[in-house]
Protein chains: 2
Amino acid sequence: MAKPVFITFVAGSVGEWRVDRVTTLCGDPLPPAPRIAMVEGDGPGEAAWRLRGVTSNRRYTYRAEDDSLAVRQAGLGRPAARHAALIPIRKTEAWWALAQDERRAVFEEESHHIAVGLDYLPAVARRLMHSREMGEPFDFLTWFEFAPQDEPAFDHMLVRMRAAKEWDFVDREIDIRLSRA
Amino acid sequence: MAKPVFITFVAGSVGEWRVDRVTTLCGDPLPPAPRIAMVEGDGPGEAAWRLRGVTSNRRYTYRAEDDSLAVRQAGLGRPAARHAALIPIRKTEAWWALAQDERRAVFEEESHHIAVGLDYLPAVARRLMHSREMGEPFDFLTWFEFAPQDEPAFDHMLVRMRAAKEWDFVDREIDIRLSRA
């Protein structure tokens, strides 16, 4: 497991990723912005908004699951992966009041979060950033990259994730779709 | 589980806690300082050193263990608890490369971290702060408060903890003992 990496999403008039559409699924929306940059560190300049997160060790995956993910997952930055999604998520106080075994049971045994995600590898590349311990408005920033022809599959993955028990504990979620030339 | 709280330990010439002795168990030492303050947020002024951490949800405890802790644990700030220990800890890359089930197994089934800690409640009050995702030199800051007559019991707890498998994964540890009037 590599060292934690600090990432800032900077929304404004510049940035590699063009914002194609934004859907606020629950909770407060974010101000609109035409472009988003994903940068290491804080990122320079003015912004419509910034969201910060940090990569970390996985909190729920068991060894066999980690190994399955390692074999099948793709990295970020593939040339064909010209579409992306930034989905910031906040979970409820009820989620954070659960013990580790209770959170794991909801996450995987009830909601099959890891198993569902595996169905979409390697088409969908993924990076999870933690924000809860940074005083940020969201608990997690999830980032996905995929080829345009794989976007229907990605949408199908989200339908399955959002129908699961785990999503009863989500109280703010914004789905930001992006593309690059 | 309450919101994360940001804590800074500020070492210098002021602060509620007098440094009585410092033992560097492994890894680099910290510069000497006569006093330490534990403050919420960053804390003002010059310092010999600062260590920052943030409280968070527990990562390993199961529901039954959480409930046992909740019944027996004492809060910080008891008037009789005039002695304290600040023990910053860093774990190895090998620890962070373990999957969740492997870390849990080392932590509790092999090392009995929770069970050993329970033996010293309510005499020893405890606060755990996470630092790894803050770019800090340690992964955790552990803080303990106890009455002077309970310090031998606290020392015994540390002997048991440090003899366990979990401590094979500790590569920097400093034990700072403190007292207040």
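Taking the stated definitions as given, is A:GLY53 exposed (fewer than 13 other Cβ atoms within 10 Å of the Cβ), of a type outside the set (Ser, Thr, Tyr) and in contact (Cβ under 8 Å) with a residue 40 or more places away in the chain? So A:GLY53 fails the test.
In the condition set (1) out of contact with any Ser or Thr (no Cβ under 6 Å at 6 or more places or on another chain); (2) closer than 21 Å to A:PRO137 by Cα; (3) open to solvent by 70 Å² or more (accessible area, probe 1.4 Å); (4) more than 14 Å from every other protein chain (Cβ to nearest Cβ), A:ARG90 is compliant with all but (4).
For the stretch B:2-15, does any single residue satisfy the condition of being in a loop (DSSP other than H, G, I, E, B), of a type in the set (D, E, K, R), within 18 Å of B:MET134 (Cβ to Cβ) and without any contact (Cβ under 8 Å) to a residue 12 or more places away in the chain? Within the stretch B:2-15, one or more residues are in a loop (DSSP other than H, G, I, E, B), of a type in the set (D, E, K, R), within 18 Å of B:MET134 (Cβ to Cβ) and without any contact (Cβ under 8 Å) to a residue 12 or more places away in the chain. Scanning the stretch B:16-35 for residues that are surrounded by 12 or more Cβ atoms within 10 Å (Cβ to Cβ) and free of Cβ contacts under 8 Å to residues at least 24 places away in the same chain yields B:ALA33, B:PRO34.
Across the stretch A:97-125, the number of residues qualifying as more than 10 Å from chain B (Cβ to nearest Cβ), open to solvent by 40 Å² or more (accessible area, probe 1.4 Å) and among the small types (Gly, Ala, Ser) comes to 1.
Of all the criteria given as (1) crowded, with 17+ Cβ neighbours inside 10 Å; (2) at pLDDT 95 or above, the one not satisfied by A:ALA48 is (1). Looking at A:ARG78, A:ARG59, A:ARG72, A:ARG50, just one residue is under 17 Å from the mean Cα position of the chain (by Cα) and more than 8 Å from every other protein chain (Cβ to nearest Cβ), and that residue is A:ARG50.
Whether a residue is charged (D, E, K, R) and open to solvent by 80 Å² or more (accessible area, probe 1.4 Å) was assessed, and A:ARG78 does not pass this test.
Among the criteria (1) out of contact with any Asp or Glu (no Cβ under 9 Å at 6 or more places or on another chain); (2) under 30 Å from A:PHE6 (Cα atoms); (3) more than 14 Å from chain A (Cβ to nearest Cβ); (4) open to solvent by 10 Å² or more (accessible area, probe 1.4 Å), the one B:LEU128 does not fulfil is (3).
Hey, can you tell me all the residues within the stretch B:154-173 that are surrounded by 15 or more Cβ atoms within 10 Å (Cβ to Cβ) and not basic (Lys, Arg)?
B:PHE154, B:MET157, B:LEU158, B:MET161, B:ALA164, B:GLU166, B:TRP167, B:PHE169, B:VAL170, B:ASP171, B:GLU173
The values are calculated or read from the model by the stated rules, or taken from the named source; none is laboratory data. What you are looking at is a predicted structure, and each value in this text was computed from that prediction instead of being measured. Don't worry about glycine lacking a Cβ; one is built from the backbone with ideal geometry, like all the others, and counts go over all protein chains shown. Areas reflect the complete protein model, heavy atoms only, side chains present, ligands, DNA and RNA absent. Shrake-Rupley method; radii C 1.70, N 1.55, O 1.52, S 1.80 Å.
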